[in-house]
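Notes to accompany the following structure.
Read-outs: derived from the displayed coordinates by stated rules, not from any lab. Since the model is a prediction, treat every value here as computed from it, not as a measurement. Here Cβ is always computed from backbone atoms with ideal geometry, including for glycine, and neighbour counts include all displayed protein chains.
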Amino acid sequence: MAFEKSIHLADCKYRYTISSNVKKFTLRDTTFVQNKIGNYELHRLLEKVPNSGEGFPLKITINKDLSGFKLSITDKSGLRNINIFKNEDHHILQEKFYFLMQSLVDRQVFEQEEV
C-alpha cells in the first residue's frame, strides 16, 4: 500500500486527509513512534472490553516528510483488512475508532470530511 494524501475506509462515515499543519512534535505528543526509516507509526488495539487483548489492530503510518499516510484495521495476524463499519455488532469499536481519529483531527494531524 502506497502513502496517500487522503483515505476513506469502506463504509466509514468520514474521509481522512493529512493536514497541511501537521508537525513532527505533534506526532510524538500523540504517541506516534518514529521507526528506523523515519516514518511515524501509531498502533492501537480496538477492543470491546478494555485490556482484554481481543480486538482488531489499528495501524496509522505517516511518512517522514509528512506528505502522506497509510491507515488500516486488520485481523490479529495483520494480513487481512477488516471492515468494522459494515456490521452493527462492532458499534463499540466504531466509537473507539472515531474517538481516536477525532483526537488526531483536533490536534491538526488529520482533517476529516463527511462522505
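Here are a few things to note about the model shown:
- Sequence-separation-based contact order of the chain, relative, with Cα cut under 8 Å and 6+ spacing, percent: 32 percent
- Straight-distance candidates among the lysines for linking to Lys24, with alpha-carbon spacing under 30 Å and chain neighbours fewer than 8 residues away dropped: Lys5, Lys13, Lys36, Lys59, Lys64, Lys70, Lys76, Lys96.
- Distance between the pseudo-spin-label points of Gln102 and Asp65 (7 Å out from Cα toward the beta carbon): 3.5 nm.
- The chain: antiparallel DSSP beta bridges as a percent of all, rounded to 5: 100 percent
- Positive-pole candidate from Ser72, Thr31, Gln94, dipole of segment 6-114, charges at beta carbon: Thr31
- Extended-chain gain in nm, criterion 0.36 nm per residue less alpha-carbon gap, Val115 and Glu54: 19.0 nm
- When the P(r) of the chain is calculated, the portion above 25 Å amounts to 18% of the C-alpha pairs.
- The alpha carbon centroids of segment 93-114 and segment 8-60 are separated by 10 Å.
- Taking amide hydrogens as placed 1.01 Å from N in the peptide plane, the amide H of Phe110 sits under 5 Å from those of Ser19, Val105, each at least 5 positions away in sequence or on another chain.
- Here the chain is assigned +1 on the Cβ of each Lys and Arg and -1 on the Cβ of each Asp and Glu. Its dipole about the Cα centre then comes out at about 480 debye.
- In this simple spin-label model, placing a label point 7 Å from the Cα along the Cα-to-Cβ direction at both Ala2 and Glu88 gives a separation of 3.9 nm.
- Here's the picture: a label point sits 7 Å out from the Cα of Leu79 along the beta-carbon direction, and within segment 28-69 nothing has its amide nitrogen under 14 Å of it.
- Rounded to the nearest Hz, the phi-derived 3J(HN,Hα) couplings of segment 64-69 under the Karplus curve 6.51 cos²θ - 1.76 cosθ + 1.60 (θ = phi - 60°) are 5, 8, 6, 9, x, 8, where x marks glycine and proline.
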